[in-house]
Amino acid sequence: MKKLIFSIMAVVSLSACTNFGGEKKLPILGRREVTTVEIDGVTTADTIYHTIADFRFLDQDSAWVTNETYDGKIYVADFFFTSCPTICPIMKTQMIRIYEAFEDNPEVGLLSYSIDPQHDTVAVLHDFAERLGVKSDRWHFVTGDKDAIYDLGETSYMVVAGEDPDAPGGYIHSGAFLLVDKDRRIRGVYDGTVEEAVNELMEDMKILLKEYNKEKS
């Protein structure tokens, strides 16, 4: 697990900004496989990128949230728990900034996974979202089977998420915000506790949206 996290962070540090024709292009992070196919004597290569695995969890309105919920959207994901005594309040303050900046853009969503599903029931998440004053169609707070959430965090988003009796609050998790594109690929990892890093994330979100809009035209 540590090797995996180191690997993705190494990719971020080496390729966080690639310029083509003076324009920044976001990297595609994570594992990748290159396959070759030979047709009529011509060999072509195809790259298969790491993507977010299928998931299905309940949100603050008792609605099922899956990958399909984010069809046609880019989104920012994080892992938290409502009783977190350390970094979560800072992360939520920064996530609200993103929410407010892109609230009117239907191509943008936010997704927060609770790593304490035993406490963070639908009712608890509903109250939490209400206190933040956010709309569920823009920002989903999800809960469900804890092992499924931990596995998704570690194998798909490549961040730490799980129980730890020695950690404050009994859980350990990354403070990262993950930028996911419309094809389920991770395009950026940012420190959700640092305002400057979140500023960079919001600029990268604009770049990613522009990238997709160019493909349409």
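The values are calculated or read from the model by the stated rules, or taken from the named source; none is laboratory data. From a predicted model like this one, the values you see are computed outputs, not experimental measurements. Don't worry about glycine lacking a Cβ; one is built from the backbone with ideal geometry, like all the others, and counts go over all protein chains shown. Side chains included, ligands, DNA and RNA excluded: accessible areas come from the protein's heavy atoms. Shrake-Rupley method; radii C 1.70, N 1.55, O 1.52, S 1.80 Å.
Pop out the Kirkwood hydrodynamic radius of the chain from its pairwise C-alpha distances, inverse of mean 1/r, in Å to one decimal.
18.1
For the stretch 92-112 and the stretch 142-173, what is the separation of their Cα centres, given in Å?
Cα centroid to Cα centroid, the span is 22 Å.
Whose amide H sits under 5 Å from the amide H of residue 134, counting only residues 5 or more places off or on another chain, with H placed in the peptide plane?
Correct list: empty.
Using 1/(1 + (r/R0)^6) with R0 = 35 angstrom and r between the beta carbons of residue 36 and residue 200, what's the FRET efficiency to the nearest 0.05?
According to the calculation, E is roughly 0.45.
Kirkwood Rh over Cα pairs of the stretch 99-217 into Stokes-Einstein at 20 °C, 1.002 mPa s: D in µm²/s?
Diffusion coefficient, whole number: 136 µm²/s.
So for the chain, taking the charge dipole from beta-carbon charges (+1 Lys/Arg, -1 Asp/Glu), which of 197, 87, 113 sits furthest toward the positive end?
With unit charges placed on the Cβ atoms, the residue in question is 197.
Relative contact order of the chain, please, whole-number percent, based on alpha carbon pairs below 8 angstrom and at least 6 residues apart.
25
Restricting to the chain, what percent of DSSP beta bridges are antiparallel, rounded to 5?
If we restrict to bridges inside the chain, about 70 percent are antiparallel.
Could you check which residue among 56, 32, 97 shows the biggest mean-square fluctuation in a GNM of the chain with a 10 Å Cα cutoff?
Judging by the Gaussian network model, the answer is 32.
Just the number, please: carbon plus sulfur as a percent of the accessible area of the stretch 71-217, 1.4 Å probe, no ligands or DNA/RNA counted.
Within the stretch 71-217, the accessible surface is 50 percent carbon and sulfur.
Which entries of 24/146; 25/146; 135/214 have Cα-Cα distances beyond 32 Å here?
Result: 24/146; 25/146 exceed 32 Å.
Translational diffusion coefficient of the stretch 153-217 at 37 °C, 0.692 mPa s, Stokes-Einstein with Kirkwood Rh over Cα pairs, in µm²/s as a whole number.
The calculation lands on 243 µm²/s.
Once the mean 1/r over all distinct Cα pairs of the stretch 28-93 is inverted, what Kirkwood radius in angstroms do you read off?
Over the stretch 28-93, the inverse of the mean reciprocal pair distance is 16.1 Å.
Rolling a 1.4 angstrom probe over the protein heavy atoms, how many square angstrom per residue are accessible across the chain?
50
What does the helix-only formula give at 222 nm for the chain: each DSSP H stretch with n ≥ 4 adding -39500 (n - 2.57), the total divided by the residues, and the result rounded to the nearest 500 deg cm²/dmol?
Helix-only estimate at 222 nm: -10000 deg cm²/dmol.
Could you check the spin-label model distance between residue 56 and residue 104? Points 7 Å from the Cα along Cα→Cβ, value in nm.
3.7
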